[in-house]
Amino acid sequence: MHTVLEALGNIGIVPVIKIDDEAQAAALAQALIAGGIPCAEVTFRTTQAEEAIRRIRAAAPGMLVGAGTVLSTAQVDKAVSAGAQFIVSPGFNPQVVSHCIERGIPVTPGCTTPTDMERALELGLEVVKFFPAEPSGGLDYIKAVAAPFPTLKFMPTGGIHRGNLARYLAYEKVLACGGSWMVPADLINQGDFPAITALCTDAVQQALGFSVVHWGINTENAEEAAQAARRFSALFGFSYKEGTGSIFAGEALEVMKSLGLGKHGHIAIGTPSLPRAISYLERQGIRFNQDSIKRDPQGAVTLIYLQEEITGFALHLVQKK
C-alpha cells in the first residue's frame with residue numbers, strides 16, 4: 001500500500017474541509033494538528049481550494065493534505081501542483097483514476113457497487129471511498145460487500161459522526177473515516193479554531209476508545225499469587241482462573257506469579273484500534289518498549305508496553321476484541 005494511504009490509516013480520521021477563505025487555511029491546519037488529526041481533505045467545491053492546499057502545505061509541511069471532490073484531470077493537476085498528496089473523488093471516474101495512477105499519486109474513488117470495486121481492483125487500487133456511507137447501507141453493507149474483495153479497504157464518508165465513528169474504525173477493512181463534523185464550515189468562517197481543536201480531540205478519543213481493561217498486581221511467586229487471588233475470590237465472589245504466568249480474580253484483576261514489569265504491577269488499557277493508538281501516542285512523543293510486543297498468529301500486534309510507569313505501575317495497550 002502507498003505510504004500516504006498507510007499514514008491515513010494510522011490516523012484513522014480524515015477531516016473533509018470546505019474552505020471559503022484561503023486566509024483561514026494555515027490556522028485551520030494548526031488547529032487540526034493540535035487536536036491530534038494531522039491530515040485534511042480539502043474539497044474542490046470552492047475556488048479557494050487550490051490556494052488553501054498550498055497554504056496548508058506551507059504552514060504545516062508534515063501534515064497530510066489531499067484534494068477531495070475532484071471531478072476532472074484538470075483539477076487533479078491543480079491539486080497536485082498546489083501540494084496535494086492524495087486525491088479523493090465522489091464517484092468512479094476512469095479518466096481521473098488513470099490520470100492519478102500515471103502521475104503516481106494515491107487516489108481513492110467513490111465506489112458503492114461491486115462493479116465499481118472490481119474496476120478499482122483491476123486498476124490496482126487497494127483503497128476506495130465508500131460514499132455516501134450511511135445512506136448506502138453503512139457498515140453492514142461494507143461488511144457484506146467486502147467478503148469477495150479480501151484485499152480491498154474502504155474509506156467511508158457521508159453520515160459518519162462521533163456516535164458511529166468507533167464502530168466503523170473497529171472493522172479491519174476500514175482504513176479511515178472521512179467526515180466534516182469536527183470541521184464545520186461556520187466555525188472555519190468564524191475563525192473559531194479552539195472549538196475545532198476541541199472537536200478534533202473528541203473525535204480522536206472516540207476513535208481510540210481507551211478504557212481500563214484490567215489491573216495487574218506483582219507477587220514474588222506462584223504460591224503468593226494463588227493466595228492473593230483466592231482471597232479476592234473469597235471476599236468478593238470473584239471467579240478464579242489460573243493461567244501460565246498469572247491468575248485472574250474476576251475479569252479485571254490479574255495477579256502475577258512473578259515480579260513483572262512495573263514496580264507494583266501493570267495497568268492494561270484497551271483500544272479497539274491498537275495500531276492507530278500506537279501511532280497516535282507516538283505522535284505525542286510517547287515511547288514504547290519494543291521488546292514487550294505480542295502478536296497474533298497473523299502477525300498483528302495485540303499488546304505493547306509503554307516505556308514509562310505511573311506511580312509504580314507499568315502501562316500496556318491491548319487490542320479489544
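Pull out the extension gain between SER98 and THR113, defined as 0.36 nm times the separation in residues minus the alpha carbon to alpha carbon distance; nm, one decimal.
Values: separation 15, 0.36 × 15 = 5.40 nm, distance 1.92 nm.
That pair, SER98 and THR113, stretches by 3.5 nm at full extension.
Put simply, when 48-59, 223-234 are sorted by average Cβ atoms within 10 angstrom per residue, most first, you get 48-59, 223-234.
Applying 1/(1 + (r/R0)^6) with r as the Cβ-Cβ distance of LYS321 and ALA147 and R0 = 25 angstrom yields a FRET efficiency of 0.75. Model label points for TRP181 and ASP202, set 7 angstrom from Cα along the Cα-to-Cβ axis, are 0.9 nm apart.
Distance between the pseudo-spin-label points of GLU223 and LEU121 (7 Å out from Cα toward the beta carbon): 6.1 nm.
For LYS129, the lysines whose Cα comes closer than 27 Å to its Cα, not counting residues fewer than 8 places off in the same chain, are LYS18, LYS78, LYS143, LYS153, LYS173, LYS320, LYS321.
Annotation for the stretch 250-289: GluC sites (Glu not before Pro) lying in DSSP loop with at most 11 further Cβ atoms inside 10 Å of their Cβ are GLU251. A dipole drawn for the stretch 68-165 from +1 and -1 charges on Cβ atoms has a positive end, and of ALA74, GLY158, LEU123 the residue lying farthest that way is GLY158. The stretch between SER81 and ARG283, if pulled fully straight at 0.36 nm per residue, gains 69.9 nm over its current Cα-Cα span. When mean projected area of the Cα convex hull in nm² is computed from the coordinates, the matching label among (i) 19.7; (ii) 18.3; (iii) 16.0 is (ii).
By the scheme Lys and Arg +1, Asp and Glu -1, what is the net charge of all other residues having a beta-carbon under 13 Å from that of VAL42?
Neighbour charge sum, excluding VAL42 itself: 0.
Readers should treat all values here as calculations from the given coordinates under stated rules, not as data from a laboratory. Just so you know, these numbers come straight off a predicted model, no measurement behind them. For neighbour counting, all protein chains shown are included, and Cβ atoms are generated from backbone atoms with ideal geometry for every residue, glycine included.
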